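S.K.: Handing you a structure now.
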Amino acid sequence: MCELLDRALVAHGGLRRWNNLRSVRIAASITGAICFAKGRGDVLKNVVMTADTRTQRLTTDFPGGNKRTIFEPGRIVIETADGEPVEVRNNPKESFQDLTTNALWDDVHVAYFSSEALWTCLTIPFLYTYPGFLVEEISAIEKEEETWRRLQVIFPDSVSSHTRQQVSCFGPDGLLRRHDYTVDVLGGATRLNYASRYREVDGILVPTKRRVYAYQGDYHLVTEPLQVAIDMTEVTFSGEEGSKNFSIT
């Protein structure tokens with residue numbers, strides 16, 4: 001690990017505390033231009049997601065709807081709220097390969113895209129200590145009257161994420177300010193993912209607000225349209241000591 005990652009781990013609650021946790025559950029609204037462009041509108045506007053913190057697995061429940069999706073890197077399962085199977089798709093990332101730019105998404109596409117994104121969001125920066133990740137501090141940038149130190153991260157092939165090489169930007173307090181990447185399943189679309197509205201939950205600092213935009217050239221922000229908006233209204237960690245909850249009112 002490098003000094004910047006060490007600093008970020010401490011700022012977000014510490015690796016020792018994180019290693020005692022086993023899952024994180026959020027109630028959230030996920031909206032934005034990408035959902036509408038793919039014909040899925042407000043399908044994720046009211047969801048409950050539960051992510052394992054040690055293995056890449058995320059379950060999405062739809063309150064009031066008779067549906068649940070279960071994500072693992074090589075498999076998506078869609079079932080009823082009672083656990084009756086509806087659809088199973090192995091190697092779900094491959095189903096994006098034949099889609100044209102304007103093609104609409106089905107439930108599996110939505111489940112894969114949203115799950116890999118949220119699992120990464122919910123585990124940064126602790127994720128970067130897991131086996132196979134390569135990290136290196138690169139040049140800092142000046143943004144919003146602050147100096148943001150940047151960590152370049154290479155993801156292992158065993159972890160499904162938007163792309164293998166990503167950059168996390170940390171403020172003077174060590175907290176994540178922005179996450180920069182491209183999206184393979186969207187043809188390399190550029191993204192700047194801003195993290196804010198931090199809340200402490202069971203000793204871990206969680207950014208409960210995310211705003212995701214495109215960028216041009218050397219990380220020049222494109223403000224319209226807003227690609228993704230994530231607002232968490234409830235966060236619960238479960239671990240060896242039970243569960244602790246934080247609700248945002």
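The values are calculated or read from the model by the stated rules, or taken from the named source; none is laboratory data. Keep in mind it's a predicted model, so treat the numbers as computed, not measured. We place every Cβ from the backbone using ideal geometry, glycine too, and count neighbours over all the protein chains shown. Calculation scope for accessible area: heavy atoms of the full protein, side chains included, ligands and nucleic acids excluded. Shrake-Rupley method; radii C 1.70, N 1.55, O 1.52, S 1.80 Å.
S.K.: From the backbone phi of region 196-212, what are the Karplus-calculated ³J(HN,Hα) couplings (6.51 cos²θ - 1.76 cosθ + 1.60, θ = phi - 60°) in whole Hz, Gly and Pro given as x?
M.R.: After applying 6.51 cos²θ - 1.76 cosθ + 1.60, I find 7, 6, 6, 9, 8, 10, 6, x, 9, 8, 10, x, 8, 10, 10, 10, 10 Hz.
S.K.: Another one. Choose one answer from Q227, Q216, Q166: the residue with the largest mean-square fluctuation in a GNM of the chain with alpha-carbon springs under 10 Å.
M.R.: Q216
S.K.: Pick from L221, L21, L176 the residue whose mean-square fluctuation is largest in a GNM of the chain, springs joining Cα atoms under 10 Å.
M.R.: Answer for the Gaussian network model of the chain: L221.
S.K.: Counting Lys and Arg as +1 and Asp and Glu as -1, each charge on the Cβ, what is the dipole of the chain about the Cα centre in debye, to the nearest 20?
M.R.: Computed about the Cα centre, the dipole is about 260 debye.
S.K.: Taking amide H atoms as placed 1.01 Å from N in the peptide plane, list the residues 5 or more away in sequence, or in a different chain, whose amide H sits under 5 Å from that of E146.
M.R.: Correct list: empty.
S.K.: Further question on the same structure: Using Cα springs under 10 Å in a Gaussian network model of the chain, which residue among S29, S95, S160 shows the largest mean-square fluctuation?
M.R.: Fluctuation is largest for S95.
S.K.: Give the carbon-plus-sulfur fraction of the accessible surface of the chain in %, rounded to a whole number; probe 1.4 Å, heavy atoms of protein chains only.
M.R.: Working: 5380 of 11380 Å².
The nonpolar share, carbon plus sulfur, comes to 47 percent.
S.K.: Let me ask another. What number comes out for accessible area per residue over the chain if the probe is 1.4 Å? Units Å², please.
M.R.: Heavy-atom SASA per residue in the chain reads 46 Å².
S.K.: Once the dipole of the chain is set up with Lys and Arg at +1 and Asp and Glu at -1 on Cβ about the Cα centre, which of S115, V206, W105 lies farthest towards its positive end?
M.R.: About the Cα centre, the residue reaching furthest to the positive side is V206.
S.K.: Another one. Between E94 and T80, how many nm apart are label points set 7 Å from Cα along the C-beta direction?
M.R.: 3.0
S.K.: Using all alpha carbons of region 58-155, what is the percent of pairwise distances in each 10 Å bin, ordered from the shortest bin to the longest?
M.R.: Taking every Cα pair in region 58-155, the percentages come to 13, 32, 28, 20, 7, 0.
S.K.: Tell me the accessible surface of L127 in square angstrom (1.4 angstrom probe, heavy atoms of protein chains only), to the nearest ten.
M.R.: Rounded to the nearest 10, that gives 0 Å².
S.K.: Can I ask one more? For region 10-28 and region 99-148, what is the separation of their C-alpha centers, rounded to whole Å?
M.R.: 17
S.K.: Straight-line reach from K143: which aspartates and glutamates fall under 16 Å, measuring Cα to Cα and dropping same-chain residues less than 8 apart?
M.R.: Straight-distance partners of K143: D173, D180, D218.
S.K.: Further question on the same structure: What would the Debye equation give as log₁₀ I(q)/I(0) for the chain at q = 0.15, 0.16, 0.18 Å⁻¹, counting only Cα atoms as equal point scatterers?
M.R.: Log10 I(q)/I(0), no solvent term: -1.12, -1.29, -1.67.
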